[in-house]
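One structure below.
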C-alpha cells in the first residue's frame, strides 16, 4: 500500500507537470493563429480554435474577450476551475484581446483512480500468490511440526512417558523446533523420574502413617488416662474449694456470733445489776412498811429510784433486742437463701450495725447513703455476704495497724439498675493484687489466716446470683468497688 501510494503520488505530479506543459503549448501554438483570425474577423475559425482548446485534456472552459467588446467562449462555464490562466492576444503592436483558459484535475483524478485500481489488483494477486507460497513453506517447515508437538503434549500421561517425541522429515541441522522437541523429551524424562520418586515417597508416607496411627493410638490411651486423673484432681480441688468457701462463710458467721455475743453481754449485765439493786430497794421498802417506819419522803425517793432502774433495764433490753434482731436477719439468711421483697435501707443498716461489732475497738467512721424508699426483690443473703466481706477486708487489710478510718457505702438507682459504690481510705492494693483481686486464693495475708476466697465469693454472688457486674475502680487512696445489678419488679402480696 505504501509503494502504491508513492507511485500514485509521482504519477499525479507527472500529470500536473504535463498540464502545465499543456498550457505552455497552448500559448505557443494557439495565440498567434487566434490573433490572426480575430484580426481578419474570421469568427468560425475562432470558434473552431477555442473548441479545439476545450477538447484538450483537463480544459473545461475557454473565453476570448476582444478589445472591441466581442466575447467568444466555449465549454462549461459553471465548472469549478482549479487552475485559470489568461493570455494577452496581440497582432503586431496592437492589443486585440485576452484569452482566458480554465482547467480542473478531474481527468488527472480519473487516471489516478484507474491506475490505483490496476496497481492494487495486481499487487493483491501477487501478494496472495506469495502468501500461499509462504503458508505452504511455513506449514511444511514449522506448522506441521508444531501440530505434532501439540498432539504429543495433549496425549502425554503418566502411563506413556516412555514414548519419545520425534519430528519426521528433518534435515541434519538443528533449529528451534528440534531444541523444543529435545526440551519436551528432557521434561518427559524428568517427570518420569519425579513420578518414580513420588511413588516411593507415597509408599514411605503410607508406612509412616501406619506407624503414626499406632503411636497416636498409644498416646491417646495414655492421654485419656491422664485426663481421667486430671479430672479426678479437678473434682477434688473443686470439692476442696467448695469446702473452703463454706468454711470461709462459717468463719465469717462465727466472728459475727462472737461480736454480737460480746455486745449483748453488756446490756444484759446492766440489766442484771439493775434488777439486783431494784430487788434490794424493794426489800428495804417492804421492811420499812412492816416496821411502820415508812415516811412519805422515803417512799417518794424509793419510787423515783425504782423508776430509774426500770428505765435503765428497758433501754438495755431494747438494745439487746436490736442486736439480736440484726444478727438474726444476717445469720438466718446465710443458710436459707430466699428471694424476697425487702426495704434496702433497713436491711443495709442491720448488716452494718451487726458487722460493726467486729471492730468495736477501732474508731471507724461509716458514711451510709441509701434511700429509705428503695424496696426491691432480691437475695438478702447475697448483700449480707457482699457488705460483710467488703467491711471485713477494710478492717483486716485496708486499716491494718490503724485506729482510724473512713468507709463510704452509697446505694443509688439509675436506669433500672441498683449501684453500690463502696470506698475506704485505707492503704489500698498493689497493681498486681488489684488485677487478680477476684481470682480465688488471692490474698495479702498468706500464712496469716487469709484464705483468699472472700472477694471470689463476692464476685460469684454478684455475677451468678444477682446477675450483675463488679469491678475495682481507680482511686487516689484506699480501695473503691462498684457493684451494679439489675432491679426486679416487686412481688405483689396476695391477701390471705
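The values are calculated or read from the model by the stated rules, or taken from the named source; none is laboratory data. Bear in mind the structure is a predicted one, so any value in this text is a computation, not a measurement. Cβ: placed from backbone, ideal geometry, glycine included. Neighbour counts: every protein chain shown.
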Item to check | Breaking point among (1) touching a helix residue (DSSP H, G or I) at 6+ places or on another chain (Cβ under 7 Å); (2) farther than 28 Å from residue 487 by Cβ; (3) at pLDDT below 85, for residue 322 | outcome: (1)
Next on the checklist: Being part of a strand (DSSP E or B) and surrounded by fewer than 18 Cβ atoms within 10 Å (Cβ to Cβ): is that true of residue 36 here?
Outcome noted: no
Checklist outcome for this item: When segment 143-202 is checked residue by residue, the ones that are closer than 28 Å to residue 132 by Cβ, assigned to a loop (DSSP other than H, G, I, E, B) and under 56 Å from the mean Cα position of the chain (by Cα) are none
Checklist entry - Residues in segment 138-158: is at least one touching a helix residue (DSSP H, G or I) at 6+ places or on another chain (Cβ under 7 Å), surrounded by fewer than 11 Cβ atoms within 10 Å (Cβ to Cβ) and modelled with pLDDT under 85? => result yes
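The rows are residues; the columns are (1) in the same structural domain as residue 351 (by TED's automatic domain parsing); (2) modelled with pLDDT under 85; (3) exposed (fewer than 11 other Cβ atoms within 10 Å of the Cβ).
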| site | (1), (2), (3) |
| --- | --- |
| 211 | no, no, yes |
| 215 | no, no, yes |
| 221 | no, no, yes |
| 236 | no, yes, yes |
| 248 | no, yes, no |
| 251 | no, yes, no |
| 258 | no, yes, no |
